[in-house]
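The structure appears right after this line, and notes come after that.
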Amino acid sequence: MTHLNSKVAVVTGAARGIGAATAARLALDGATVAVIDLDETQTKETADAIVSAGGSAMAVACDVSDEAAVAEAAERIRAEAGSIDVLVNNAGVLRDNLLFKMSLSDWDTVMSVHLRGSFLWAREAQKTMVQNRWGKIVNLSSTSALGNRGQTNYSAAKAGLQGFTKAMALELGPFNVNVNAVAPGFIVTEMTRATAARTGVDFEEMQERGAANIPLRRVGRPEDIANVVSVLCSEDTSYVTGQVIYVAGGPKA
Ligand SMILES: NC(=O)c1ccc[n+]([C@@H]2O[C@H](COP(=O)([O-])OP(=O)(O)OC[C@H]3O[C@@H](n4cnc5c(N)ncnc54)[C@H](O)[C@@H]3O)[C@@H](O)[C@H]2O)c1
């Protein structure tokens, strides 16, 4: 597919996992992809892999929760690539703990990366989207938005992103900008691997147990999410906005 030919896509948290798969997929769809992540070297590795596969990508190291860094990164992308047409707010972190053990810093870090980061990038991205009367924004929510033990911070942030998505869809709809959220279930990435390690569970065993409780009887892959993001950035879904699509192998919502 080449539905994003001549478009510029920003994917945050794209050095690995769901973000890297999404960046690769949008490049395959024809977009020039700005790969955003904290670490310069890892960000460059993802961008180089896209270029080696015949795509177009640029690596931009940026902490999404830093207002000045986001403004500078967005300016560089607009200067070098011309505009920002697609934004995937994917950067994320976990700081799981039961409420009575959760520190203020655990709470603030999760809010900063997911909510503040998505807000800062959306505020930058909408500039050229509104100007061009064309744009696609996809925010990464989670089935944890429905509540998950040990994740009061993360659940609040992921539910917050759903409200953020719907309010933005109302504001940006008149400018032909679609805003949707994808809410993954269990996806095999470094994030879920780290959760297994932190809780002392073997990762393979965690996947097997997870799959047994999922109607489609398998855990998800980063590509499962990337494919849905791609569809939400295509003209086939141009009448879909303000929606949350659960991609969890079952009707989790
Ligand atoms: N893996 C899952 O099962 C799952 C389920 C539901 C939702 N999600 C969400 O999907 C998104 C991607 O998750 P993943 O599993 O690929 O995680 P991951 O930990 O593998 O990747 C997240 C990326 O975000 C980057 N990041 C973190 N803080 C950042 C910051 N301040 N600025 C820029 N980049 C930053 C990390 O460096 C990392 O490369 C996250 O928002 C996550 O909450 C994941």
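Values as computed for the structure displayed
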quantity: Residues with amide H under 5 Å from that of Ala181, placed H, sequence gap 5 or more; calculated: Asn139, Gln243, Val244, Ile245
quantity: Separation in nanometres of the label points that stand 7 Å from Cα toward Cβ, at Asp108 and Glu205; calculated: 3.8 nm
quantity: GNM result for the chain, Cα springs below 10 Å: residue of Lys127, Lys136, Lys101 fluctuating most strongly; calculated: Lys101
quantity: 3J(HN,Hα) from dihedral phi, segment 109-115, Karplus parametrisation 6.51/-1.76/1.60, rounded to Hz, x for glycine, proline; calculated: 4, 5, 5, 5, 6, 6, 8
quantity: Solvent-accessible area per residue, Å², over the chain with all protein chains present [probe radius 1.4 Å]; calculated: 46 Å²
quantity: 21 Å Cα cut-off, lysine pairs counted over the chain (separation 8 or more, or different chains); calculated: 11
quantity: Accessible-area ranking of Val240, Val113, largest first, probe 1.4 Å; calculated: Val240, Val113
quantity: The chain - percent relative contact order, Cα under 8 Å, separation 6 or more; calculated: 19 percent
quantity: Rg ratio (alpha-carbon, reference 2.2 N^0.38 Å) - segment 110-238; calculated: 1.18
quantity: Enclosed volume per residue, in Å³, of the convex hull spanned by Cα atoms of the chain; calculated: 122 Å³
quantity: Nearest-10 value in Å² for the accessible area of Trp107, using the 1.4 Å probe; calculated: 90 Å²
quantity: Translational D in µm²/s for segment 1-106 (Stokes-Einstein at 20 °C, 1.002 mPa s, Kirkwood Rh from C-alpha pairs); calculated: 152 µm²/s
quantity: Within the chain, helix-based [θ] at 222 nm, where runs of 4 or more DSSP H residues each add -39,500 (n - 2.57), nearest 500; calculated: -14500 deg cm²/dmol
quantity: Listed residues Tyr246, Tyr239, Tyr154 arranged by accessible area, highest first, probe 1.4 Å; calculated: Tyr239, Tyr246, Tyr154
quantity: Volume per residue of the C-alpha convex hull in segment 188-253, rounded to whole Å³; calculated: 105 Å³
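The values are calculated or read from the model by the stated rules, or taken from the named source; none is laboratory data. Note that the coordinates shown come from a computational prediction; the quantities given were computed from them, not determined experimentally. Heads up, the Cβs are rebuilt from the backbone with ideal geometry, glycines too, and the neighbour counts pull from every protein chain shown. These area figures cover heavy atoms from the full protein model, side chains too; ligands, DNA and RNA do not enter into them. Shrake-Rupley method; radii C 1.70, N 1.55, O 1.52, S 1.80 Å.
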